[in-house]
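Trainee: One structure follows; several queries about it will come next.
The values are calculated or read from the model by the stated rules, or taken from the named source; none is laboratory data. Only a predicted model underlies this, so the values are computations on that prediction, with no experimental measurement involved. FYI the Cβ positions are ideal-geometry reconstructions off the backbone, even for glycines, and counts take in every protein chain you see. Surface accessibility is based on the protein's heavy atoms, side chains included, excluding ligands, DNA and RNA. Shrake-Rupley method; radii C 1.70, N 1.55, O 1.52, S 1.80 Å.
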Amino acid sequence: AQSVAQPEDQVNVAEGNPLTVKCTYSVSGNPYLFWYVQYPNRGLQFLLKYITGDNLVKGSYGFEAEFNKSQTSFHLKKPSALVSDSALYFCAVRDPGGMMDTGRRALTFGSGTRLQVQP
Amino acid sequence: DGGITQSPKYLFRKEGQNVTLSCEQNLNHDAMYWYRQDPGQGLRLIYYSQIVNDFQKGDIAEGYSVSREKKESFPLTVTSAQKNPTAFYLCASSSIGEGPNQPQHFGDGTRLSIL
């Protein structure tokens with residue numbers, strides 16, 4: 001079974017400083033990994049994904065994520081945080097091997113990390 | 001603009017009542033999903049559907065039912081058997097033909113509360 005862990009409930013960072021939101025995963029095969037952001041009372045917005053290739057993936061709004069297979073991690077990063085980045089961030093995984101039985105393509109989500117950027 | 005529309009935004013359920021949450025998409029996506037979001041627990045999958053007239057249970061299907069009569073629509077009914085229905089419900093869709101690495105697109109959710 002696939003799983004995702006986001007070890008920090010909240011991350012606090014000052015505006016202009018770099019930020020990191022951590023994510024580790026567990027799957028049986030090579031993972032498809034995703035990051036989403038959620039603003040209050042809204043749905044999730046897609047930020048970026050890792051499928052294969054370069055370990056550093058660039059996404060929307062200046063975010064990037066680094067895939068590390070040996071550490072089974074996919075941490076979200078941004079060189080300079082903005083107050084408007086304050087939101088709830090979710091890491092998600094899809095195990096391609098898990099689609100062989102029922103064709104299930106749903107994602108498994110972490111519990112979320114609240115990012116608070118102080119001015 | 002293409003997207004997913006969920007309605008209503010807020011919904012209240014009385015004891016013993018069934019309520020239905022609407023989800024419509026105009027993205028021409030084959031797959032649709034329902035998730036439940038509770039504070040501190042992330043999103044949990046209730047039901048999903050990959051094709052019209054077919055759907056599968058997710059991880060927490062008990063007390064819920066769905067239908068998929070049209071490609072664009074995937075309504076979720078919260079039945080009286082669901083004893084703890086208070087949550088934020090999110091509908092999503094994704095393309096299948098473009099491969100399994102496509103991201104899911106989400107609606108803006110329905111917040112269900114008990115009266």
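Trainee: Which residue fluctuates the most in chain A, going by a Gaussian network model with Cα springs under 10 Å, if the choices are A:Gly16, A:Gly62, A:Gly53?
Mentor: In the Gaussian network model the winner is A:Gly53.
Trainee: At a probe radius of 1.4 Å, figure out the B/A buried accessible area, summed over both chains, and give it in Å² to the nearest 100.
Mentor: Between B and A, the summed buried area is about 2100 Å².
Trainee: Of the options B:Leu115, B:Phe74, B:Cys91, report the single residue whose Cα projects farthest towards the positive end of the charge dipole of segment B:65-115 (beta-carbon charges: Lys, Arg +1; Asp, Glu -1).
Mentor: B:Leu115
Trainee: For the protein assembly as shown, compute Rh as the Kirkwood radius over C-alpha pairs and then the Stokes-Einstein diffusion coefficient at 20 °C and 1.002 mPa s; write the answer in µm²/s, rounded to an integer.
Mentor: 117
Trainee: Rounded to the nearest whole Å², what accessible area per residue is found for segment A:1-78 with the 1.4 Å probe?
Mentor: 51
Trainee: Which of the residue pairs A:Lys49/B:Lys9; A:Lys49/B:Lys70; A:Lys22/A:Lys58 have a Cα-Cα distance greater than 24 Å in the structure shown?
Mentor: With Cα atoms farther than 24 Å apart: A:Lys49/B:Lys9; A:Lys49/B:Lys70.
Trainee: Right, here's the next one. Which whole-percent values make up P(r) of chain A when all C-alpha to C-alpha distances are grouped in 10 Å steps starting at zero?
Mentor: 14, 47, 30, 8, 1
Trainee: Counting only the heavy atoms of the protein chains, how much of A:Arg114 is accessible to a 1.4 Å probe, in Å² to the nearest 10?
Mentor: Accessible area, nearest 10 Å²: 110 Å².
Trainee: Do you know which residues of segment A:41-56 lose at least 20 square angstrom of accessible area in the protein assembly compared with their chain on its own, with a 1.4 angstrom probe?
Mentor: A:Asn41, A:Arg42, A:Gly43, A:Leu44, A:Phe46, A:Lys49, A:Ile51
Trainee: Which of the lysines could a cross-linker span from B:Lys14 if the Cα-Cα distance has to be under 20 Å and same-chain partners fewer than 8 positions apart are dropped?
Mentor: B:Lys83
Trainee: Suppose every Lys and Arg Cβ carries +1 and every Asp and Glu Cβ carries -1, with no other charges. What dipole size does segment A:1-74 come out with about its Cα centre, to the nearest 20 debye?
Mentor: With only Lys, Arg, Asp and Glu charged at Cβ, the dipole is about 220 debye.
Trainee: Of the options A:Gly16, A:Gly29, A:Leu76, report the single residue whose Cα projects farthest towards the positive end of the charge dipole of chain A (beta-carbon charges: Lys, Arg +1; Asp, Glu -1).
Mentor: Working it through, the farthest residue towards the positive pole turns out to be A:Gly29.
Trainee: Output the residues of segment B:42-84 meeting this criterion: accessible area (heavy atoms, 1.4 Å probe) in the chain alone minus accessible area with all protein chains in place is 20 Å² or greater.
Mentor: B:Gly42, B:Leu43, B:Leu45, B:Tyr48, B:Gln50, B:Asp59
Trainee: Calculate one ³J(HN,Hα) per residue across segment B:60-74 by plugging θ = phi - 60° into the Karplus curve 6.51 cos²θ - 1.76 cosθ + 1.60, and present them in order as whole Hz with x for glycine and proline.
Mentor: 9, 6, 4, x, 10, 9, 9, 9, 9, 7, 10, 4, 7, 10, 8
Trainee: So, one more: Tally up the carbon and sulfur contribution to the accessible surface of segment B:1-110 as a whole percent, 1.4 Å probe, everything protein left in place.
Mentor: So the carbon and sulfur contribution to the accessible surface is 45 percent.
Trainee: Sticking with this structure for a sec: Considering only protein heavy atoms and a 1.4 Å probe, what is the carbon-and-sulfur percentage of the accessible area of segment A:15-119?
Mentor: Carbon and sulfur: 49 percent of the exposed surface of segment A:15-119.
Trainee: Tell me which residues come under 5 Å, amide H to amide H, from A:Leu47 once H is placed; ignore anything under 5 positions away on its chain.
Mentor: A:Trp35, A:Tyr36, A:Val37
Trainee: Under a plain spin-label model, where a point goes 7 Å from the Cα along Cα-to-Cβ, how far apart in nm are B:Phe12 and A:Lys58?
Mentor: Taking the two extended label points, one gets 5.0 nm.
Trainee: Also, quick follow-up: With +1 on each Lys and Arg Cβ and -1 on each Asp and Glu Cβ, how big is the dipole of segment B:10-115 about its Cα centre, in debye rounded to the nearest 20?
Mentor: Dipole magnitude for segment B:10-115 comes out near 320 debye.
Trainee: Could you work out how far apart the two model spin labels at B:Gln56 and A:Arg114 are, taking each label as a point 7 Å from the Cα in the direction of the beta carbon, and quote it in nm?
Mentor: 3.5
Trainee: Moving on to the next point. Where does segment A:44-98 land on the Kirkwood hydrodynamic radius, alpha-carbon pairs, in angstrom?
Mentor: The Cα-based Kirkwood calculation yields 12.5 Å.
Trainee: For B:Lys71, list the lysines whose Cα falls under 20 Å from its own Cα; do not include residues on the same chain fewer than 8 positions away.
Mentor: B:Lys57
Trainee: Separate question: So what's the gap between the Cα centers of segment A:1-62 and segment B:1-48, to the nearest angstrom?
Mentor: The two parts, judged by their Cα centres, are 23 Å apart.
Trainee: Would you calculate the convex hull of the Cα atoms in chain B and tell me its volume per residue in Å³?
Mentor: So the per-residue hull volume is 101 Å³.
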